[in-house]
Every structure is written in structure tokens, then in C-alpha cells.
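> Can you keep this structure in mind? I'll have questions shortly.
The values are calculated or read from the model by the stated rules, or taken from the named source; none is laboratory data. As the structure is a computational prediction, the values presented were derived from the model and not from experiment. So basically every Cβ, Gly included, is an ideal-geometry build from the backbone, and we count neighbours across all protein chains shown. Ligands, DNA and RNA are excluded from the accessible area calculation, which covers all protein heavy atoms including side chains. Shrake-Rupley method; radii C 1.70, N 1.55, O 1.52, S 1.80 Å.
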Amino acid sequence: DATFSYLGGSSSIPGVDDAVEWRATREALTMAGFNEDCQRWIWTRLAAILHLGNLSFPLAAASEVDFVASLLGGVEPQLLAHWLEHRQLQAGSEVIDSPLTGEQAAAGRDALAKWLYARLFAFLIERLNATLQPSTAVDDC
């Protein structure tokens, strides 16, 4: 059983058969017009959000950030690590990278996770609405 801080430390719910729920969810997505590649894209983004929530600061292991970056796709792990722990300030014409405290970095991580989740949710709603419109063609993910 995986442990994710965004799920309150547990990923299981007593009395719920995850395998049954997984199949039902996949079938519902397929019926709603989400192909296998699109579903994989959705699961990967959800995994990135969950693993992002497990990062602690200061960042201890590059492999954790590397894994989150790989799930996000197209994100450079070094840049992700840097910007999770720094912010950019502009003082006049000078730009300064300023390190964040652990608490500030955690707040930034959580804000990024919320933004990613909101974008994923908006994508799902857009796709579902397009699927329900008989004259609208639905693009792949």
C-alpha cells in the first residue's frame, strides 16, 4: 500500500475493493470517450500530484524530484527542484533568486499541486462537455 500525504497518509478505504473501483472508473472513462492513451495521461498526472505532495523540504533525494518530473513530462528535474525551493525577486532592474524556508517551499509545493489538479479537473470537464455535444469533435489528450 502506497502512502500519500495528500490522502491523509493512507490510500485505502475500509470496505472498498480498489480493483473493482479501478475497473469501474476505467470503464466509465472509456464510455465517456477517453481512450487508453488519454486515460494513461490522466493517471500519470494524478500520480505526479500525489508524489509531489510527498516531497519534503529541504529536498533530500534527487530521485524523488526526478520521479515527479518524469510523471509531469517535459519538466527538467533540476529546474523543478530549484523552483520548489527558491523564488525570484526583482529589485529595480536586478533579479534575485531567494531561497525559501521549508514552510514556504511546502506552501509553494501545495499551490503547484492545487494548480495541477485544477488544470486536470478543467480538462476533464472540457472533454466531458465536448463528448456530450453531438456535433463537437473531441481531440486526443
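> Once amide H atoms are placed 1.01 Å from N in the peptide plane, what residues at a sequence separation of 5 or more from His86, or on another chain, have their amide H within under 5 Å of its amide H?
Leu100
> Let me ask another. Roughly how many Å² is the accessible area per residue of the stretch 10-123, as a whole number, for a 1.4 Å probe?
63
> How much length is gained if the chain between Ala118 and Ala62 is pulled fully straight, taking 0.36 nm per residue apart and subtracting their Cα-Cα distance, in nm to one decimal?
Stretched out fully, the Ala118 to Ala62 stretch lengthens by 17.5 nm.
> While we're on this one: Can you grab the distance from the C-alpha centre of the stretch 39-59 to the C-alpha centre of the stretch 72-141, Å, no decimals?
Here the answer is 12 Å between Cα centres.
> A further question follows. Rank Ala81, Leu116, Ala47 by how far each Cα sits towards the positive end of the charge dipole of the chain (+1 on Lys, Arg Cβ; -1 on Asp, Glu Cβ) and give me just the farthest.
Leu116
> With r defined as the distance between the Cβ atoms of Leu132 and Tyr6 and R0 fixed at 35 Å, what FRET efficiency is calculated, to the nearest 0.05?
It comes out at approximately 0.70.
> Between (i) 28; (ii) 34; (iii) 42, which entry matches percent of Cα pairs over 25 Å apart as derived from the coordinates of this structure?
(iii)
> Can you give the FRET efficiency for Ala32 and Ala111, using 1/(1 + (r/R0)^6), R0 = 30 Å, r = Cβ-Cβ distance, to the nearest 0.05?
0.55
> Related question: How much length is gained on full extension from Trp43 to Val16, taking 0.36 nm per residue of separation minus their Cα-Cα distance?
Extra length available between Trp43 and Val16 comes to 7.8 nm.
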